[in-house]
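Undergrad: Below is the structure I would like to discuss, written out as C-alpha cells.
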Amino acid sequence: MSFGKLLQSMFMLVFTGIISLNLAAKEYLVDSPAAYKKVAKSLTAGDTVILANGTYQDFEILFTGKGTKQKPITLTAETKGKVVLSGQSNLRLAGEYLVVSGLIFKNGYTPSSEVIAFRRNKKDFAYHSRVTETVIEDYSNPDKREGDYWVALYGKHNRFDHNYLAGKRNKGVTLAVRLNDKNSQENHHRIDHNYFGPRPIFGSNGGETLRIGTSHHSLSNSYTLVENNYFDQCNGEVEIVSVKSGKNQLRDNVFFESRGTLTLRHGNGNVIENNVFFGNGVDHTGGIRVINKDQIIRNNYLEGLTGYRFGSGLTVMNGVPNSPINRYHQVENALIANNTLINVDHVQLAAGSDAERSAVPISSRVESNLIVNENNKQPFTLFDDVSGIAFENNVANTAPLTSLATGIEQQPVTLKRAENGLLYPTNISKNTSSNLGVSRDLTPITKAQTGPNWYPKTTGETAFGSGKTIKVTAGEDALFTAVANAEDGDVIELANGQYNARKVIFIDKTLTIKAKHSQKASLTFERGTFFEILDGGNLSLDGLVIDGSNSPDYSGNTLVRTKKWGMTENYRLLIKNSLIKNLDINHSFHVFESGKGAFANEITLTNNDFVNISGDILRLDKEIEDLGVYNAEYVNVVNNRFNNVSGALIKLYRGGSDESTFGPHLLMTGNTTNNLGLGKRNSTNASLFLHGVQVTRVDNNSLNNSAPIVVEHTVGEPITEIIKNQLSTAPSVVELRVEGEHTAILKDNSFQSNKTSVK
Ligand code: CA
C-alpha cells in the first residue's frame with residue numbers, strides 16, 4: 001500500500017464535527033480489506049469511507065448502510081483513479097442513499113456473477129444509491145463462455161453515471177437492469193453520462209451492452225431513464241441495447257460506429273428520442289428496431305448506417321399472433337416522427353414476416369421524417385402488408401415505393417452540416433419544412449462529456465506498423481529475440497538471409513514481420529508450430545519465404561495457430577507477398593489453425609504462393625456444438641496462388657440457429673488453384689467448406705483440378721455469391737434449415753469439364 005506507511009493504525013478516525021448537532025459524520029481512511037471490514041459494519045448516515053491509494057487484490061467489497069438524502073454514506077478513493085481493484089474483486093451495495101465513486105476495476109474478473117451489483121443477495125437491494133466515476137476495463141473472465149454482468153441494477157431510484165465500461169470480452173450483458181423482483185420494477189433508475197467503450201465482437205449471443213429487463217418480466221414497467229451516454233464501437237452482437245420492459249426513456253445518447261441496433265425487443269410504451277447514430281459507413285451499423293405496443297421514436301438522427309435485415313437503420317417487425325411472452329408481439333400504435341435518416345441504407349417494414357410472424361404492424365404512424373440517400377437508392381423494403389402504418393408528411397430525395405408514395409414526397413434535398421455536427425436541409429420548399437426531421441437544437445453529447453474526466457478513453461486496436469522498425473540480421477534465435485524485445489505495433493525487418501526458429505514464437509502484441517527485400521529472407525522452424533498467437537497478439541507476415549522442411553516429422557504441424565484453448569482477445573492475422581512451401585514433411589501440415597474459443601476479427605491472405613501443403617490452409621471450424629459460435633468474422637483471400645494443397649483452402653463453420661451475430665464473412669477473389677483439396681484426408685472433400693457463413697463472395701477465381709466449393713446455408717438469410725469463376729466442378733449449395741431452392745447467386749461461372757457457362 002503506497003500510503004500505508006503513513007498510517008499508524010489499521011484505520012484512522014476523523015471526527016469532522018462540523019454539521020451535526022448530535023451525530024458527527026465520520027471519515028475513515030482504510031488501506032486493506034480487513035480494515036475496510038471493520039468500519040463497514042457500523043456505517044451511519046453521513047459517514048465516508050476512503051480507500052487509500054493503491055492496488056487491492058481479491059477485495060470483495062460489501063457496502064451497506066442506511067444514509068439519508070441529505071447525508072448519504074460514501075465510499076470513495078483517496079485520489080480518484082489511484083485506487084485499483086484487481087484479481088477477484090467486486091462490489092455489492094445494499095441499503096439506502098449509498099454513493100460510490102472513483103474506483104477502477106482492472107486486471108482481473110469477478111468471481112461472482114456481477115462486478116458491481118446493486119444488491120447484497122436475492123432480497124437485499126440498494127435504493128436511492130449511486131455509482132459514479134467508476135471504471136471497469138478489460139475485466140473479463142478468462143473463459144469467455146463464462147457469463148457475468150459487469151453492472152447489475154436492482155432496487156429502485158438508483159443512479160449509474162459518469163462511469164467508464166470498456167473491453168468486455170466474456171459472455172453477458174455489460175450493464176443489466178434487473179426486474180426479476182417487484183422491488184426492482186418501476187425502478188426509476190437513471191443511467192447517464194456513461195462512456196460505453198469498445199466491446200469487441202463476441203461471436204455469439206450474449207454480447208449486449210445494455211439490457212433493461214428480460215422477456216419474462218417484460219410486461220412490467222421499468223421507468224428507467226437512459227440519457228446522455230456515449231456508445232463507442234459497441235460491437236458485441238446485434239443488440240447494442242435490448243429493451244425488455246415498459247415505459248423506459250432512452251434519449252440524447254450517441255451511438256458511434258456501433259454494430260447492431262437499439263432494439264425494443266419486449267415491453268410497451270418506451271420513448272426513444274433525441275438519439276444520434278453515426279455509422280460512418282462501418283459494416284452492420286444499425287439504428288432502431290421496433291417491436292410491441294405504444295413505442296415512440298421521435299427526433300432521432302441516423303447517418304451513415306449500412307446495416308440490413310434486423311440490423312437496419314430502422315426496422316419495424318412483424319409480430320406473432322397471440323405471441324408467447326418470449327416471441328414477437330405485434331407492433332401497434334407506434335409513432336415514428338421527426339427523425340432524420342441520411343445515407344441509411346435500409347429501412348425494413350414488416351420485417352421477419354413468415355408463417356409464424358404473420359401479425360403486421362397496425363395503428364401506427366410514420367410522419368415528418370426526412371430521408372436522404374446520396375446514392376439515390378431508396379432504402380425501404382416491405383416484407384408484408386404495411387397498410388397499418390400511416391405515412392404522412394415525410395420527405396425523401398429518392399422516389400418512394402408506390403405504396404408509400406402518398407406519405408413520402410420526393411424532393412431534391414441539399415444538405416448542410418450545422419454547428420451541432422448534424423446535416424440539415426437547406427432547400428425544402430414545402431410548408432412542412434419547419435417541422436421535418438430532427439430539431440435544430442439537438443446537440444449530440446461528446447465522448448469527452450461522458451465517463452470520469454480523469455480517465456483517458458481507449459484508442460482502440462493497435463494498427464500494424466504503428467510502432468518502430470527493428471532491423472534484424474540472420475543469426476541464432478535472431479527472430480525469437482527480436483519478437484521478445486519488440487513492443488506493440490513494431491515492425492521486425494529481416495535482412496536477406498536464412499532464419500531458423502528452434503522454439504515456438506509466441507505473439508502477444510501487434511507485430512509485423514517483413515523481409516527488407518521481398519522474398520529474400522527465408523525462414524524455417526523446428527517445432528510443431530512456428531507462430532502461436534496469444535491474447536493481445538496480432539500478426540502480419542510480409543514478403544517472407546517460409547519452408548516447412550525443418551519441421552518435425554509428425555502429422556498435424558501448423559505454420560501459425562492461436563492458443564489451443566481459451567483465448568479471450570480477438571486477433572488479426574495477415575499474410576502477404578510471401579512464398580509458403582513444403583509444409584508436407586508429414587500429413588496434415590496446416591498453414592493456420594484456430595484454437596477452440598479463439599476469434600479473429602480479420603484473417604487476410606494477399607498475393608501469396610502456397611506450394612506443396614499436406615493439410616488445410618485455413619482451419620476455422622472448431623466450434624462444432626452448433627451454438628452460433630464461430631472462429632472468424634472477416635476472412636479475405638485475395639490474389640493468391642495455391643499449388644498441390646491436399647486439404648481445403650478454407651473450412652469455416654458456424655452452426656446453430658442463433659441469430660445474434662453478423663458473420664462470418666468470406667471474400668475470395670482473384671485466386672488460382674491447382675490440385676487443391678483432393679487429398680484423401682480432406683474429409684469435407686471440398687476446396688472451400690462453408691457452413692453457416694453469412695456473407696460469401698467468391699469471384700474471379702480459377703480453381704483447376706480442385707475439389708468443389710461446398711456451401712451449407714443455415715439461419716439468417718445468408719448472402720452467397722459465386723460469380724465469374726472458372727471451376728473444376730459445379731459448387732454444391734444446400735439449405736439446411738429452409739425449405740425450397742437455395743438462395744445463392746451462381747452466375748457466369750465456367751467449368752473445367754465442359755468449359756460452358758452455367759447460370
Ligand atoms: Ca441478444
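The values are calculated or read from the model by the stated rules, or taken from the named source; none is laboratory data. These numbers come from a predicted model, not from an experiment. No Cβ is skipped: glycine too gets one built from the backbone with ideal geometry, and neighbour counts run over all protein chains shown. Side chains included, ligands, DNA and RNA excluded: accessible areas come from the protein's heavy atoms. Shrake-Rupley method; radii C 1.70, N 1.55, O 1.52, S 1.80 Å.
Undergrad: Would you please list the contacts, defined by Cβ atoms under 7 Å and residues six or more apart or on different chains, that run from a residue in the range 451-477 that is open to solvent by 40 Å² or more (accessible area, probe 1.4 Å) to a residue that is among the aromatic types (Phe, Trp, Tyr)?
TA: Lys457/Tyr195; Ala474/Tyr499
Undergrad: Any residue at all in the range 284-303 that's more than 16 Å from the ligand (Cβ to nearest atom), of a type in the set (Phe, Trp, Tyr) and open to solvent by 40 Å² or more (accessible area, probe 1.4 Å)?
TA: No, the range 284-303 contains no residue that is more than 16 Å from the ligand (Cβ to nearest atom), of a type in the set (Phe, Trp, Tyr) and open to solvent by 40 Å² or more (accessible area, probe 1.4 Å).
Undergrad: Of the residues Glu374, Glu356, only one is open to solvent by 10 Å² or more (accessible area, probe 1.4 Å), within 18 Å of Tyr308 (Cα to Cα) and not in a strand (DSSP E or B); which? Full working, then the answer.
TA: Numbers: Glu356 fails: within 18 Å of Tyr308 (Cα to Cα).
Checking each option against the conditions leaves just Glu374.
Undergrad: Across the range 226-276, what is the number of residues that are in a strand (DSSP E or B), of a type in the set (Val, Ile, Thr) and within 16 Å of the ligand (Cβ to nearest atom)?
TA: So in the range 226-276, the residues in a strand (DSSP E or B) come out as 226-227, 230-232, 234, 239-244, 246, 249-251, 254-256, 259-266, 271-273, 276.
Then drop every residue that is not of a type in the set (Val, Ile, Thr), which leaves 226, 240-241, 243, 254, 261, 263, 271-272, 276.
Restricting the remaining residues to those that are within 16 Å of the ligand (Cβ to nearest atom) gives 240-241, 243, 261, 263.
Here the count works out to 5.
Undergrad: Still on this model: Quick check on the range 613-628. Is at least one of its residues in contact with a His (Cβ under 6 Å, 6 or more places away or on another chain) and under 19 Å from Leu534 (Cα atoms)?
TA: Narrowing the range 613-628 to residues in contact with a His (Cβ under 6 Å, 6 or more places away or on another chain): 614-616, 619.
Then drop every residue that is not under 19 Å from Leu534 (Cα atoms), which leaves 619.
Yes, the range 613-628 contains a residue that is in contact with a His (Cβ under 6 Å, 6 or more places away or on another chain) and under 19 Å from Leu534 (Cα atoms).
Undergrad: Out of (1) surrounded by 13 or more Cβ atoms within 10 Å (Cβ to Cβ); (2) part of a strand (DSSP E or B), what's the single condition that is false for Thr443?
TA: (2)
Undergrad: Those residues that are over 18 Å from Asp748 (Cα atoms) and either of a type in the set (Phe, Trp, Tyr) or buried (at least 24 other Cβ atoms within 10 Å of the Cβ) (or both), I need them from the range 695-712; list them, please. Steps first, answer last, please.
TA: Taking the range 695-712 and keeping what is over 18 Å from Asp748 (Cα atoms), we get 695, 705-707, 712.
Result: Ser706, Ala707.
Undergrad: Further, regarding this structure: Looking only at the range 211-220, count every residue that is in a loop (DSSP other than H, G, I, E, B) and more than 16 Å from the ligand (Cβ to nearest atom) and tell me the total. Quick ask: steps written out before the conclusion?
TA: Our first condition is that a residue be in a loop (DSSP other than H, G, I, E, B); within the range 211-220, this holds for 213-214, 218-220.
Next cut, more than 16 Å from the ligand (Cβ to nearest atom) only: 219-220.
Counting residues in the range 211-220 that are in a loop (DSSP other than H, G, I, E, B) and more than 16 Å from the ligand (Cβ to nearest atom) gives 2.
Undergrad: Residue by residue through the range 361-371, note down the ones that are in a loop (DSSP other than H, G, I, E, B) and crowded, with 22+ Cβ neighbours inside 10 Å. Show your work before the answer.
TA: Here is the first cut: in the range 361-371, the residues in a loop (DSSP other than H, G, I, E, B) are 361, 363, 368-369.
Scanning the range 361-371 gives Pro361, Asn369.
Undergrad: From the list Phe589, Phe599, which one is among the aromatic types (Phe, Trp, Tyr) and under 22 Å from Gly203 (Cα atoms)?
TA: Details: Phe589 fails: under 22 Å from Gly203 (Cα atoms).
Of the residues listed, the single one that is among the aromatic types (Phe, Trp, Tyr) and under 22 Å from Gly203 (Cα atoms) is Phe599.
Undergrad: Restricting to the range 172-210, and then to whatever is modelled with pLDDT of 95 or more and among the aromatic types (Phe, Trp, Tyr), can you tell me which residue is farthest from the ligand (Cβ to nearest atom)?
TA: Tyr195
Undergrad: Quick check on the range 415-438. Is at least one of its residues within 23 Å of Ser540 (Cβ to Cβ) and not in a loop (DSSP other than H, G, I, E, B)?
TA: First pass over the range 415-438, keeping only residues within 23 Å of Ser540 (Cβ to Cβ): none.
Taking every residue of the range 415-438 in turn, none turns out to be within 23 Å of Ser540 (Cβ to Cβ) and not in a loop (DSSP other than H, G, I, E, B).
Rundown of residues vs (1) in a strand (DSSP E or B); (2) open to solvent by 10 Å² or more (accessible area, probe 1.4 Å); (3) closer than 26 Å to Ser549 by Cα, yes/no style:
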site: Asn601; (1), (2), (3): yes, yes, no
site: Asn612; (1), (2), (3): yes, yes, yes
site: Gly615; (1), (2), (3): no, no, yes
site: Lys622; (1), (2), (3): no, yes, no
site: Tyr630; (1), (2), (3): no, no, no
site: Glu633; (1), (2), (3): yes, no, no
site: Val637; (1), (2), (3): yes, no, yes
site: Phe642; (1), (2), (3): yes, no, yes
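Undergrad: Determine if the range 652-660 includes at least one residue that is modelled with pLDDT of 95 or more and open to solvent by 10 Å² or more (accessible area, probe 1.4 Å).
TA: Yes, the range 652-660 has at least one match.
Undergrad: Can I ask one more? So is Gly155 within 13 Å of the ligand (Cβ to nearest atom), open to solvent by less than 10 Å² (accessible area, probe 1.4 Å) and at positive phi or not?
TA: Numbers: within 13 Å of the ligand (Cβ to nearest atom): no; open to solvent by less than 10 Å² (accessible area, probe 1.4 Å): yes; at positive phi: yes.
The answer is no for Gly155.
Undergrad: Taking the stated definitions as given, is Pro718 crowded, with 20+ Cβ neighbours inside 10 Å and at pLDDT below 95? Break it down into steps so the answer makes sense when it comes.
TA: Working: crowded, with 20+ Cβ neighbours inside 10 Å: yes; at pLDDT below 95: yes.
Answer is yes for this residue.
Undergrad: Of Ser218, Ser242, which residue is under 26 Å from Asp658 (Cβ atoms) and touching an Asp or Glu at 6+ places or on another chain (Cβ under 6 Å)?
TA: On the way: Ser218 fails: touching an Asp or Glu at 6+ places or on another chain (Cβ under 6 Å).
Only one candidate passes the filter, namely Ser242.
Undergrad: Pick out the one residue from Tyr139, Tyr164, Tyr223 that is open to solvent by 10 Å² or more (accessible area, probe 1.4 Å), among the aromatic types (Phe, Trp, Tyr) and more than 14 Å from the ligand (Cβ to nearest atom). Don't jump to the end; show me each part of the working.
TA: Details: Tyr139 fails: open to solvent by 10 Å² or more (accessible area, probe 1.4 Å); Tyr164 fails: open to solvent by 10 Å² or more (accessible area, probe 1.4 Å).
The conditions single out Tyr223.
Undergrad: Keeping to the range 389-398, report how many residues are open to solvent by less than 20 Å² (accessible area, probe 1.4 Å) and free of Cβ contacts under 8 Å to residues at least 60 places away in the same chain. Steps first, please.
TA: The first filter runs over the range 389-398 and keeps only residues open to solvent by less than 20 Å² (accessible area, probe 1.4 Å), leaving 389, 394-396, 398.
Next cut, free of Cβ contacts under 8 Å to residues at least 60 places away in the same chain only: 394-396, 398.
Of the residues in the range 389-398, 4 are open to solvent by less than 20 Å² (accessible area, probe 1.4 Å) and free of Cβ contacts under 8 Å to residues at least 60 places away in the same chain.
Undergrad: Considering only residues of the range 205-220 that are in contact (Cβ under 8 Å) with a residue 60 or more places away in the chain and under 11 Å from the mean Cα position of the chain (by Cα), which is most open to solvent (accessible area, probe 1.4 Å)? Please lay out each step first, then the result.
TA: First, pick out the residues of the range 205-220 that are in contact (Cβ under 8 Å) with a residue 60 or more places away in the chain: 205-207, 215-216, 218-219.
Of the ones still in play, those that are also under 11 Å from the mean Cα position of the chain (by Cα) are 205-207.
Details: Asn205: 68, Gly206: 12, Gly207: 1 Å².
Step by step, filter the range 205-220, then rank; the result is Asn205.
Undergrad: Across the range 419-440, which residue is surrounded by the most Cβ atoms within 10 Å (Cβ to Cβ) among those that are among the aliphatic types (A, V, I, L, M) and at pLDDT 95 or above? Before you say what the answer is, go through the steps one by one.
TA: Pass one, the range 419-440, residues among the aliphatic types (A, V, I, L, M): 422-423, 428, 436, 438.
Add one more test, that the residue is at pLDDT 95 or above, and what stays is 422-423, 438.
Details: Leu422: 22, Leu423: 20, Val438: 25.
Ranking the candidates gives Val438 first.
Undergrad: Where the second residue is hydroxyl-bearing (Ser, Thr, Tyr) and part of a loop (DSSP other than H, G, I, E, B) and the first is within 13 Å of the ligand (Cβ to nearest atom) and lies in the range 649-660, which pairs have Cβ atoms under 9 Å and are six or more apart or on separate chains?
TA: Matching pairs, first to second residue: Asp658/Ser204; Ser660/Ser204.
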